[in-house]
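The values are calculated or read from the model by the stated rules, or taken from the named source; none is laboratory data. Nothing here was measured: the structure is a model prediction, and the numbers come from that model. Positions of Cβ are backbone-derived with ideal geometry, glycine not excepted, and every protein chain shown enters the neighbour counts. All accessible areas refer to the heavy atoms of the entire protein, side chains included, with ligands and DNA or RNA removed. Shrake-Rupley method; radii C 1.70, N 1.55, O 1.52, S 1.80 Å.
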2 protein chains.
Amino acid sequence: MDRKNDDSRLLLEQVNDLLENNKVLELRELLEEYHTMDILDVMEDLDEEMKVKLFEVLPIDVSASILEESGSDFFRTMLSLIDVQHGRNILEQMSLDDLTDILSELEEDEKQRIINLLNKEDAEDVKKLLGYEEESTGGIMTTGYIEVNENMTAKEAIEHMRKHAEDAETIYYIYVVDDDEKLVGVLSLRELITARDSVVVTDLMSENIISVYDDDDRELAVKLVSKYDLIAIPVVDRDNVLRGIITVDDIIDVMEEEATEDLYKLAGSSEHERDVAEKPNSTMLEQIASSVRARIPWLILILIGGLFTAIILTKTTFVEGLTYVKFLCFVPVILGMGGSVGMQASSLTIMTLSNNEENIDFKTVLKEGAVGLITGLVCSIIIGIMAYVILNNLNMAIVIAICVLINMVVGSMIGSFTPLMLKHLSGDISIISSPLISVLLDMIGVVLFFIITTIFLSKIVL
Amino acid sequence: MDRKNDDSRLLLEQVNDLLENNKVLELRELLEEYHTMDILDVMEDLDEEMKVKLFEVLPIDVSASILEESGSDFFRTMLSLIDVQHGRNILEQMSLDDLTDILSELEEDEKQRIINLLNKEDAEDVKKLLGYEEESTGGIMTTGYIEVNENMTAKEAIEHMRKHAEDAETIYYIYVVDDDEKLVGVLSLRELITARDSVVVTDLMSENIISVYDDDDRELAVKLVSKYDLIAIPVVDRDNVLRGIITVDDIIDVMEEEATEDLYKLAGSSEHERDVAEKPNSTMLEQIASSVRARIPWLILILIGGLFTAIILTKTTFVEGLTYVKFLCFVPVILGMGGSVGMQASSLTIMTLSNNEENIDFKTVLKEGAVGLITGLVCSIIIGIMAYVILNNLNMAIVIAICVLINMVVGSMIGSFTPLMLKHLSGDISIISSPLISVLLDMIGVVLFFIITTIFLSKIVL
């Protein structure tokens, strides 16, 4: 990894140098041997002006790949800054599934403006792709596949393949259709190039096709590609007409997305929070707002559960008249709220650390503190009111509310600080597990409770 | 999906029929159009005798693929039952990375016996592969790649490729080495077949190779394949000599493994527990034993944290003399233990449900109950002793111990029952999140505490 990092720092310096001196040809030559993703890495580190300058001198196919990989903001900015015809040429080279994904994030009028720039065929394909649900196989498929008619000879098929190879996402599988465009077979490039010229495709192809419907859940495509070790899987409609393919790189992207989605769900947050956290240029305020929005429903749910616990517990305190004992019944919910918000903070931090390290530092602890403060204020007001109703003692209700608030602020800061510190000290965060964090948070919570009640003791033991 | 299930039931019946009537040729013909994974599915549903019979009539390449995908038990059984020369032929066709994975699970003498069956070249490769750490890139790479010398022409390279295509895991990337076997470039099949015959490979290849070292962590290979959308990544040693490749299907397997590994870790369990839970023929006792072993260290850690909480809380109970108030201080740890074991049970159930549905049913609830009982006995003895030391009241200590025990048994049963029931009712378990389960478990825990203390009330309020 160090090797790679050194390389990319060096490349960044070189690119900056050449851009400043307007050495376009040398720059093109230098970048020729680099992968699109490396150029994209360099681009992200350049300032706005240099970014546009670099983008303008890149070859069209590289520009297209860059747009495929970067977000919709970058796409919009670049296309509005460069010459319309240049933009058209780049759009023509873009993979349609990636283009569709970006378009689906744009405003309606912008979307229409871009579609008008496309050639007729692409425009139609994109419109069709835009019609699919995001979570369906249709939503991740591309139309960049090679199909041949079942009656072609191997020689004709190879010629056809060579002609259409440029627009194809993969040429390693060739799909065979009948005269009604129905999928009837699949051929690997391997089989095709080792076949005699005169063999008819029907005799060469495998008829046992593993395919998905265009309205299937995309997880089905993941399962099948994984089970059968495929490089691509064809997508057909309910009439078995071939509509597109999903390539293995998109399957990997879906797997990564679903894995973090599941983790967020389990931790009591939402995908939206991650999207904002990993967006390179989201502001602190945006991040705090999205975190609060994602977590507050879960926290309120936990709060209601905790209040139920407290109420049941007060029923077991058969020592009548001693309100202080009833006060103690609120300890589980106080600890629970700090622990919950802390778990959310630590899960988010762990996930961001393992996905996108550059995007996170100790400022996160402050951000989490702010999230804890806002969610804590909401929860402490609710619990304060409820505690007053149950205990009929204002001082105790206030102390409980203060405990919840401080516990939630501290809990979320500790929750995010722990993985960051471990990463900083040992580089390894895989030793953290959820019981470990929850034990830590419970201990901190009870110590805070001890300190706070001791301070307010004279007020509550009346 | 229903379509697929119907298909496989039909296939199973047909295969059983043909096997019983010894119609070998018809059977071969039938299976010709099926994917190895489908044949493996059928095989798993056959009884032992039919399994061997089917395996014997399969073509050698299909048998090899079947062995690659099935576990080491199946591998050992089959190879000991079939003719030695037939076994040799099958081994020859197996992918070396899969063969190595299986061998690494066998006893030393069995391992040696299999290696002796291999041809010299394969045996050497396997021995080298066996030397790598399981978590390193070397541990998942295969030697089934195509390499050409940089000085070959495109025509020579294509001929070379065709000759070696059979042993290769992928022919879509061709790796270019110099006379010292050092990796100097990479060529896609696409570039090669569209090149003029006389072009020298050096002029065709890309020199910007994305590769990993054979002692790198395998997660680095996953990152690079995912980032650069590769179909395979070459593995070199520290002298840049090409040692193997990792293909995208193995990358997907690693991703799946790591994702569940992370989830297990987060839930406070271990990979070993999952392995046993997903093994098709593990006994109930094996499963219980592995679950107890995996979870008890975390549970004891949580118990210690909970005791710390209880001790701190007793310090805030400034109402001297009232032991009952101190007794209440144990509520958080009682709820915590039930919640923790319940979370472990529900995480395991959710993961098994999403990975391998056939392997789990309502018997799991009983299994989890047993796990809760064993871990609960250990934890309740510890907490009982500690409670007696702290409270100096035997009756209260016993009630606390009973509460922990019952809470842990019920918690683990509810934790596994909830996702199973949701799956059964709605088919969708993605609506479950960890806060939801923990709220539910807390509520159940506190109700149980209420019931138990009410029953023993006369004993503890003395």
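Structure above, values below:
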{"read-out": "Within segment B:361-458, helices (runs of 4 or more DSSP H) holding 3 or more residues that are open to solvent by less than 10 Å² (accessible area, probe 1.4 Å), closer than 22 Å to A:I302 by Cβ and touching a helix residue (DSSP H, G or I) at 6+ places or on another chain (Cβ under 8 Å)", "value": "B:394-426, B:434-455"}
{"read-out": "Residue in segment A:159-168 that is closer than 24 Å to B:Y173 by Cα and within 29 Å of the chain's Cα centre (by Cα) present", "value": "yes"}
{"read-out": "Selected residue (criterion: surrounded by the most Cβ atoms within 10 Å (Cβ to Cβ)) from residues of segment B:225-243 that are at the interface with chain A (Cβ under 9 Å from one of its Cβ atoms) and either more than 23 Å from the chain's Cα centre (by Cα) or aliphatic (A, V, I, L, M) (or both)", "value": "B:V225"}
{"read-out": "Number of the exception - B:H164 against (1) surrounded by 15 or more Cβ atoms within 10 Å (Cβ to Cβ); (2) not in a helix (DSSP H, G or I)", "value": "(2)"}
{"read-out": "Count - residues of segment A:171-216 that are assigned to a loop (DSSP other than H, G, I, E, B) and either in contact with a Cys (Cβ under 7 Å, 6 or more places away or on another chain) or not aromatic (F, W, Y) (or both)", "value": "20"}
{"read-out": "Count of residues meeting criterion [surrounded by fewer than 21 Cβ atoms within 10 Å (Cβ to Cβ) and of a type in the set (A, V, I, L, M)] in segment A:169-182", "value": "1"}
{"read-out": "Given (1) open to solvent by 20 Å² or more (accessible area, probe 1.4 Å); (2) assigned to a strand (DSSP E or B); (3) under 25 Å from A:T100 (Cα atoms), index of the condition A:E219 fails", "value": "(2)"}
{"read-out": "Qualifying position, being surrounded by fewer than 16 Cβ atoms within 10 Å (Cβ to Cβ) and in contact with a helix residue (DSSP H, G or I) (Cβ under 6 Å, 6 or more places away or on another chain), among B:E256, B:E207, B:E261", "value": "B:E261"}
{"read-out": "Selection from segment B:176-223 of residues that are within 9 Å of chain A (Cβ to nearest Cβ) and among the aliphatic types (A, V, I, L, M)", "value": "B:L189, B:I193, B:I210, B:L220, B:V222"}
{"read-out": "Counted residues, segment B:16-34 - those being under 21 Å from A:L230 (Cα atoms) and open to solvent by less than 50 Å² (accessible area, probe 1.4 Å)", "value": "1"}
{"read-out": "Only one of B:A154, B:A165 that is at pLDDT below 95, touching a Leu at 6+ places or on another chain (Cβ under 9 Å) and outside the structural domain of B:E105 (by TED's automatic domain parsing)", "value": "B:A154"}
{"read-out": "Segments classed as helices (runs of 4 or more DSSP H), wholly inside segment A:7-87, with at least 3 members that are over 22 Å from A:E166 (Cβ atoms) and touching a residue at least 12 places away in the same chain (Cβ under 8 Å)", "value": "A:24-32, A:36-45, A:48-57, A:72-81"}
{"read-out": "Selection from segment B:117-147 of residues that are under 23 Å from B:R88 (Cα atoms) and among the hydroxyl-bearing types (S, T, Y)", "value": "B:T142, B:T143, B:Y145"}
{"read-out": "From B:Y132, B:Y145, residue being at pLDDT 90 or above, touching a helix residue (DSSP H, G or I) at 6+ places or on another chain (Cβ under 8 Å) and either assigned to a strand (DSSP E or B) or under 29 Å from B:I115 (Cα atoms) (or both)", "value": "B:Y132"}
